[in-house]
């Protein structure tokens with residue numbers, strides 16, 4: 001091959017290579033435009049908050065969480081009966097006002113208090129007294145850390161007046177929570193899953209039996225309420241399995257975990273097809289210019 005022919009071949013390969021690179025770049029640009037910006041990976045867990053009505057003297061009340069910046073804008077609201085807890089809702093960290101009022105009433109709230117919520121933390125805000133003071137609302141910080149494999153984690157919330165304190169023991173008379181004040185929560189502790197039979201009563205007393213079931217990998221709160229014949233126990237599941245937090249905050253309303261962004265599945269499919277086409281173009285050009 002003469003020098004002129006070699007130069008022409010080299011130029012042809014360079015031109016083909018440039019065309020190939022341009023084709024790949026064009027295909028990837030089209031993919032980016034179709035798919036749109038990729039969702040950002042959640043760097044931390046969302047802030048979670050739920051409401052609880054743990055006051056037997058309050059009937060048909062509504063708990064409302066509003067932004068301090070705009071108290072007219074409710075972020076979370078729930079009408080609960082005695083012993084009930086709402087679902088967790090994700091919200092932005094910041095300052096909020098929590099109020100207890102009669103359901104559907106336009107009169108001033110019976111109980112209010114301010115609350116500062118931190119990123120990546122779960123809270124339960126509970127009405128524990130009908131007293132018209134901030135002490136009528138209690139804030140529990142919830143630990144949603146998953147238990148060891150095939151274990152469970154539980155805590156006790158004492159919402160069973162009139163006893164000012166309660167002792168809680170397991171089936172072997174081992175202490176679960178001793179002298180737990182009314183309106184307070186015990187620390188979480190790991191237990192073997194299955195049916196639990198505990199005794200609940202005033203410190204030093206014999207206690208009344210309560211029973212409930214807990215499943216493996218659950219994190220739960222055992223809520224003690226007053227009933228005929230003594231305290232009753234209800235298991236409220238805080239989380240099942242590994243603690244899966246919503247990826248971001250809900251700005252307002254009752255929204256839960258958001259699904260994939262509209263068109264995300266279509267965009268991913270388009271991206272895969274265009275990537276395959278780009279790879280095919282590159283291979284064919286490589287063979288032609290090799």
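The values are calculated or read from the model by the stated rules, or taken from the named source; none is laboratory data. Model, not experiment: these values are computed from the prediction. Please note: Cβ atoms are built from the backbone with ideal geometry, for glycine as well, and neighbour counts cover all protein chains shown.
In this structure, is residue 57 in contact (Cβ under 8 Å) with a residue 12 or more places away in the chain, surrounded by fewer than 21 Cβ atoms within 10 Å (Cβ to Cβ) and closer than 23 Å to residue 224 by Cα? Answer is yes for this residue.
Each residue in region 161-179 was checked for being over 27 Å from the mean Cα position of the chain (by Cα), under 25 Å from residue 239 (Cα atoms) and buried (at least 16 other Cβ atoms within 10 Å of the Cβ), and 2 of them qualify. Restricting attention to region 106-155, the residues being on the phi > 0 side of the Ramachandran plot and touching a strand residue (DSSP E or B) at 6+ places or on another chain (Cβ under 9 Å) number 1. Scanning region 212-248 for residues that are under 14 Å from the mean Cα position of the chain (by Cα), outside any strand (DSSP E or B) and modelled with pLDDT of 95 or more turns up nothing. For residue 202, the test of being in contact (Cβ under 8 Å) with a residue 12 or more places away in the chain and either surrounded by 12 or more Cβ atoms within 10 Å (Cβ to Cβ) or touching a strand residue (DSSP E or B) at 6+ places or on another chain (Cβ under 7 Å) (or both) is passed.
With the checklist (1) outside any loop (DSSP other than H, G, I, E, B); (2) under 21 Å from residue 135 (Cα atoms) in hand, flag the one item residue 75 doesn't pass. Single failed check for residue 75: (2).
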